[in-house]
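Since the structure comes first, as structure tokens, the remarks are kept for the end.
The values are calculated or read from the model by the stated rules, or taken from the named source; none is laboratory data. The structure displayed is predicted, hence computed values, not measured ones. Every residue, glycine among them, receives a Cβ derived from its backbone with ideal geometry; neighbour counts consider all protein chains shown. For the accessible areas, the whole protein counts, side chains as well, though only heavy atoms, and no ligand, DNA or RNA atoms are used. Shrake-Rupley method; radii C 1.70, N 1.55, O 1.52, S 1.80 Å.
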Amino acid sequence: MSKGKGNDTSLSRRDFVKTGAVAGLGATGLGGLVSCAASGQEGGQAWDRTADFVIVGAGTAGLAGAVSALEHGASVIIVEANYDIGGHGILSGGRVNLGGGTSLQRTHGVEDSADHVFEDWINHESLQSRYSDRAMVRAFADENASTFEWLVENGVDFQDTLISSGGMVERQSRAFQWPVYEELITSYPTRHGSGLIRALEKKARENGAEILLLHKMTRLVREAPTSGRVLGIVAEHEGEEVRLRGTKGTLLATGGHTSNVHFRRMFDPRLTEEYQVAGEPYTPQAADGELAAMAIGASLWSTANQTMEAGSWISKTAHIGTRWGYGNLVWLPDSPMFDRTPGSGLSEVDWQNAIMVTDMGRRFYDETGRGHGFYNAALAYHGNPNKLDGGGPIWAIFDADAVARQGWEIGPPYVDPAGDWFFMADTIAELARSIRSPYQTAPMPPAALEETVARYNSFVDSGIDEDFGKPTPRNRIGRPPFYAAWSTPILHDSLTGLRTNPRAQVMDLNGEVIPGLYCAGETQGGFAQHGLARCIVFGRIAGREAALDGQMV
Ligand SMILES: Cc1cc2nc3c(=O)[nH]c(=O)nc-3n(C[C@H](O)[C@H](O)[C@H](O)COP(=O)(O)OP(=O)(O)OC[C@H]3O[C@@H](n4cnc5c(N)ncnc54)[C@H](O)[C@@H]3O)c2cc1C
């Protein structure tokens, strides 16, 4: 890429990651926060800071909630655990699935309505919508068009195109990328999420929001452990506790639970620790909001949505031989994330050049398949009792001819042959023996890998994959050196989370509202829709509801 090799800003951002200083667009210097005078006492608690609305997480839902609360007259403090704002939102493709009769749809002659949006999102044919909570979908549908216009009014610039998102009509639009190069987090040039997120950040700051970076919420404060109003939060900043009071409410917008192995395995026992997560290493979504709310009595909602793999919840890795291989996130040296990765991986894999094997050295599906082959992998584990509880590592196996055909460069910054995610050897048996990953709990049996490769080569000779039907297997794996590259599937969305009502108020195990507590984004359960749209709509609802609490007609 041509941009920014000598760019000081990207260097300073990298230094910043290392030093843990506070950065970001107009970031607030907070050295004095912990020592500042307590701004009040309530419920026996001393507070370091007070605002009408305290928001946890400066990502998609949190920033939407901030802009919304501010326009309704509330003061806002956002705490953000990361060194910069944005979460998954800023890494996203910026494709926003909002319709219902927007000005953009009208320009393109597309007729749509809230009812059409509703019908699409309760459609039984789609797993994303089949089991979604109808009251939540109705609220989403009713606020679709107005939320799109609201984004535009608040500075989000959308391309003049509509993209089909699989519903009755075209309704997905894409934000322009934020124009400032040094705001880029990934090297990949199409992270349009920055156009959405930086615009919301800009508006929130202009209207007075304070954003406290490197502040990680650790718990909620409620009047009594599981009853009464939620008063605010406790966050951790540089080893100190900071107590923040939200007089009108607290919004949990922490982005879901994909990175929390204990949490995700409650819904799906297969999702053991070796899975990759889209968005890491920029922001791990660790279920902090869910756990804090559950600790004060909140309920989860529609948890089966997670297990059913709706939408793109689990996807095939795109870059092999690295820990983080999500399609559109390429962590090259000009990315501030590069220091946190073992390399950007080998890209544009033609799966005719490689096979995938389990940690036991066995193939389990047609590698050219679009999906990740999870179900087939599970079947492949049949008879291996050690692996019935999880997917296990998956390795791409290929040879020197494949490297030549792909034009790959073996070595940094792409792969690290001295690390845990990429191995090479002169024979197949040596390759199996060389694999030493933290997740490869037992050695790969060399004989099994030899047998797998020999059998695959026989399919290349005959032109028929008798085991998994790979269409005309083309290339033998025969010329040393041989390679093994990390290729485990990637978890993308949280499709379950906290129970809320359509006003984004969190509810307890008895179905009662927990006063003062709101939730939006992937931390919110009930609606299995992938992506930005529901996060923005319910963030906006939460901000408005909290600001106008008691004044709604
Ligand atoms: C690579 C990628 C591409 C995507 N592309 C699209 C797309 O084109 N269209 C689409 O619709 N969706 C897309 N998505 C999904 C979309 O980005 C997410 O669904 C959405 O951003 C989630 O919003 P959120 O507010 O729930 O979480 P986030 O935007 O992730 O924000 C959560 C924030 O909370 C912070 N946080 C977490 N815990 C704490 C804590 N304890 N204290 C303080 N802060 C905390 C995190 O650091 C983070 O900044 C994509 C996702 C990824 C990863």
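Among the conditions (1) open to solvent by 30 Å² or more (accessible area, probe 1.4 Å); (2) within 14 Å of the ligand (Cβ to nearest atom), the only one that Phe118 does not satisfy is (2).
Criterion applied to Ser164, Ser227, Ser259, Ser194 was being among the polar types (S, T, N, Q) and more than 29 Å from Val330 (Cα to Cα), and the one residue passing it is Ser227. Cβ-Cβ distances below 6 Å connect the following pairs, each with a first residue in region 145-158 that is touching a residue at least 60 places away in the same chain (Cβ under 8 Å) and in a loop (DSSP other than H, G, I, E, B), a second residue that is among the charged types (D, E, K, R) and surrounded by fewer than 23 Cβ atoms within 10 Å (Cβ to Cβ), and a separation of six or more residues or different chains: Asn154/Lys203. Consider region 112-166 and keep the residues that are small (Gly, Ala, Ser) and touching an Asp or Glu at 6+ places or on another chain (Cβ under 6 Å). The one that is farthest from Met507 (Cα to Cα) is Ser164.
For region 287-336, the candidate set comprises residues that are at pLDDT 90 or above and polar (S, T, N, Q); within that set, the residue that is nearest to Arg219 (Cα to Cα) is Ser299. Evaluate the following for Met308: is it out of contact with any strand residue (DSSP E or B) (no Cβ under 8 Å at 6 or more places or on another chain), more than 26 Å from Glu409 (Cβ to Cβ) and aliphatic (A, V, I, L, M)? Spelling it out, Met308 is indeed out of contact with any strand residue (DSSP E or B) (no Cβ under 8 Å at 6 or more places or on another chain), more than 26 Å from Glu409 (Cβ to Cβ) and aliphatic (A, V, I, L, M). The number of residues in region 485-515 being within 13 Å of Ile296 (Cβ to Cβ) and buried (at least 24 other Cβ atoms within 10 Å of the Cβ) comes to 3. Checked against (1) crowded, with 17+ Cβ neighbours inside 10 Å; (2) away from the ligand (no atom under 16 Å from the Cβ), Thr102 meets all criteria but (2).
Within the option set Ala175, Ala135, being more than 14 Å from the ligand (Cβ to nearest atom) and at negative phi holds for one residue only, Ala135. Every condition in (1) in a helix (DSSP H, G or I); (2) open to solvent by less than 30 Å² (accessible area, probe 1.4 Å) is met by Gly256 except one, and the failing one is (1). Scanning region 121-143 for residues that are β-branched (Val, Ile, Thr) and either more than 19 Å from Ile536 (Cβ to Cβ) or open to solvent by 60 Å² or more (accessible area, probe 1.4 Å) (or both) yields a total of 1. Going through (1) closer than 25 Å to Pro284 by Cα; (2) open to solvent by 20 Å² or more (accessible area, probe 1.4 Å); (3) not small (Gly, Ala, Ser) one by one, Thr107 falls short only on (1).
Condition first: of a type outside the set (Phe, Trp, Tyr) and either open to solvent by 50 Å² or more (accessible area, probe 1.4 Å) or closer than 21 Å to Asp120 by Cα (or both). Now tell me which residues in region 144-154 satisfy that. Hits for region 144-154 are Asn144, Ala145, Ser146, Thr147, Glu149, Val152, Glu153. Filtering region 52-85 to residues that are more than 6 Å from the ligand (Cβ to nearest atom) and assigned to a loop (DSSP other than H, G, I, E, B) leaves His72, Gly73, Ala74, Ser75, Tyr83, Asp84, Ile85. Screening region 199-245 for strands (runs of 3 or more DSSP E) wholly inside it with 3 or more residues that are at negative phi and open to solvent by 10 Å² or more (accessible area, probe 1.4 Å) returns the ranges 216-224, 227-237. Looking only at residues in region 275-284 that are near the ligand (Cβ under 6 Å from one of its atoms) and out of contact with any Leu (no Cβ under 6 Å at 6 or more places or on another chain), the one that is farthest from Gln505 (Cα to Cα) is Ala278. With respect to (1) under 29 Å from Arg436 (Cβ atoms); (2) modelled with pLDDT under 90; (3) open to solvent by 20 Å² or more (accessible area, probe 1.4 Å), the lone exception for Arg362 is condition (2). Mind checking whether some residue in region 150-164 is assigned by TED's automatic domain parsing to the domain that holds Ser75, within 14 Å of the ligand (Cβ to nearest atom), on the phi > 0 side of the Ramachandran plot and out of contact with any Cys (no Cβ under 8 Å at 6 or more places or on another chain)? No, region 150-164 has no match at all.
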